[in-house]
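Working notes for the structure below.
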Amino acid sequence: MKKIIRSVLTILLAASLMLGTASPCLAVDEDPPVIDARAAVMMDAASGNVLYSLNADTPLYVAGLTVMMTALLAAEAVERGDIAYGDMVTASGASHNDITSDASIQNIVPGEQMSLKDLLCCALVGGASEACNIIGEYVSGSTSRFISDMNRRALELGCEGTSFVNTHGLPNENHFSTAYDMALIAAAFVQHEELIELANTITAEIPATNVSGARKLTNGNYILRQDYTRYYYSYACGIKSTYTDDAGYCLASSMKTDGSYVVSIVLGCKVMEADNGFYDIQSFIQTRRLFQWFNSCYSLRDVVSTIEPVAEVPVRLAEGTDTVVCCASEGLKLFLPNDLDISKEYTRHIRIFSQQEGAEELTAPISRGQVLGELTVRAEDGSVYGPFPLIANTDVAVSRVELMRQRLDDLVHGKTFRIIFITAIVIIALYIVYVISYRVRRSKERRARRRESRESASSRR
């Protein structure tokens, strides 16, 4: 079975390398770099938009990049309140069960106690494989349950080409992922500032424990280190570098621009001889090339701005106006090519509640921030963003004159008024009939009396 899985991975890798091409998500004014790696992805962490892609869905060994998921699950458990970074964790006898003799470790022994934060530092900075097992056992109760949680969380993040069988990424035929999936995990990782702070650490000292003296750790992620000038990139943030014979040199990194992250994954890089006689680790070289290309071609741009008027909505009974302007309650910023025409690439769909069939007209008073509709944005590639609530950007007072006029109009056209009016007409008509009838009767009575008088006078004569 293992031979079959290895054969499938080999065939998929060979086919993807023959057919795979590097492609940016959108056209930019500078050609994307040709990246020397088995696979690579650059992604906008907030939106998930892929900015650069090379063999993104090819299953590959990812080695120590696995630690991103281990650390992520720990951070999410802290966020839920299940555990805390300051918790003292005791290494169990199972912490070294699957650790091979050539694995990267920090010699954390069974019975040794260390804070969760220090264990994470050992894993992210010191590459301690046994620390990953200790973390997993503490978070989920056992490493086997933790590995199940790793795979479950991967699926929740949208990772469809990932299989985890351990917490640290040591070689195993059934342990693999893709550049795209690793980018999704990295995008979740960078949302936790505590993890980014640890992953950015160049040197650290882990305090003495109940078993060991202080440990001094040095980060092997050379893109962060100024003492490695041929690799160093000042804007890089974390995340994890790794190497095994099967995986090659791999690097997960990120860069923060205007408060938002872009993440980069390169897998399966080699060591190549440079012109100056040095041997360059290409995972750092290629990542720096991606970052440089990104910085020259992309920027964080407003697709939806919270200060931009989106629509004017008619308002009845308003004081001094007959409309109110609405804006989006939250903005949409995306990393986009500098030369992209946003109005052509993104289509807006505006829905005003009061203008829908059967809805009542919008009537003053209106409060600033009142939700009047929603905005949905659709990109040419089919991506949909939103809906974003549309809110009134100002208060709109009711006009007393218009209100009185409306009330009078409502009164005149109301059912009660019609009943009263008809009743009054009927009463008036009946009164007129009564008056006419009364007058007719009196007239008859007067004529009768005059006739009687004349007859009486005639008889006396």
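Quick one: putting +1 on the C-beta of Lys and Arg, -1 on the C-beta of Asp and Glu, what dipole do you get for segment 414-455 around its Cα centre, in Debye to the nearest 20?
Computed about the Cα centre, the dipole is about 220 debye.
If I fit a long axis through the Cα atoms of helix 415-460 and take the longest principal axis of the Cα atoms of the chain, what angle between them do I get, 0 to 90°, rounded to 10?
0 degrees
Go through 117/240; 216/240; 117/333 and tell me which ones have a Cα-Cα distance over 27 Å in this structure.
Flagged as over cut-off: 117/333.
Please list, in chain and number order, the residues 5+ apart from residue 399 or on another chain whose amide H is under 5 Å from its amide H, with Hs placed from the backbone.
When sequence neighbours closer than 5 places are left aside, the close amide H contacts are 318, 319.
What is the Cα radius of gyration of segment 305-401 over 2.2 N^0.38 Å, N being its residue count?
1.23
Charges at C-beta only: +1 for Lys and Arg, -1 for Asp and Glu. How large is the resulting dipole of the chain about its Cα centre, in Debye rounded to 20?
5280 debye
Mind checking the angle between helix 67-80 and the chain's longest principal axis? C-alpha axes, 0 to 90 degrees, to the nearest 10.
Result, in degrees: 40.
I'd like the FRET efficiency for residue 216 and residue 360, computed as 1/(1 + (r/R0)^6) with the beta carbon distance as r and R0 of 56 Å, rounded to 0.05.
Given R0 = 56 Å and the Cβ-Cβ separation, E is 0.20.
What does the charge count around residue 211 come to, taking other residues whose C-beta lies under 14 Å from its C-beta (Lys +1, Arg +1, Asp -1, Glu -1)?
-2
Starting at the first residue of segment 256-271, write each ³J(HN,Hα) from the Karplus equation 6.51 cos²θ - 1.76 cosθ + 1.60 with θ = phi - 60°, in whole Hz, x for Gly and Pro.
9, 10, 6, x, 10, 9, 10, 10, 10, 10, 10, 10, x, 7, 10, 9
Semi-axes of the equivalent ellipsoid of the chain: what are they in whole Å, largest first, if each equals the square root of 5 times a C-alpha gyration tensor eigenvalue?
Equivalent-ellipsoid dimensions as semi-axes: 81, 27, 20 Å.
Using the charge dipole of the chain (Lys, Arg: +1 at Cβ; Asp, Glu: -1 at Cβ; taken about the Cα centre), state which of 155, 428, 120 has its Cα farthest towards the positive end.
So the residue we want is 428.
Just in segment 277-386: which GluC sites (Glu not before Pro) are loop by DSSP and have at most 14 other Cβ atoms within 10 Å?
330, 357, 360, 361, 380
Every read-out reported here was derived from the displayed coordinates using simple, explicitly stated rules and does not represent laboratory data. Just so we're clear, the structure is a prediction, and the values are computed from it rather than from any experiment. Quick reminder, even Gly has a Cβ in these numbers, built from the backbone with ideal geometry, and neighbours come from all protein chains shown.
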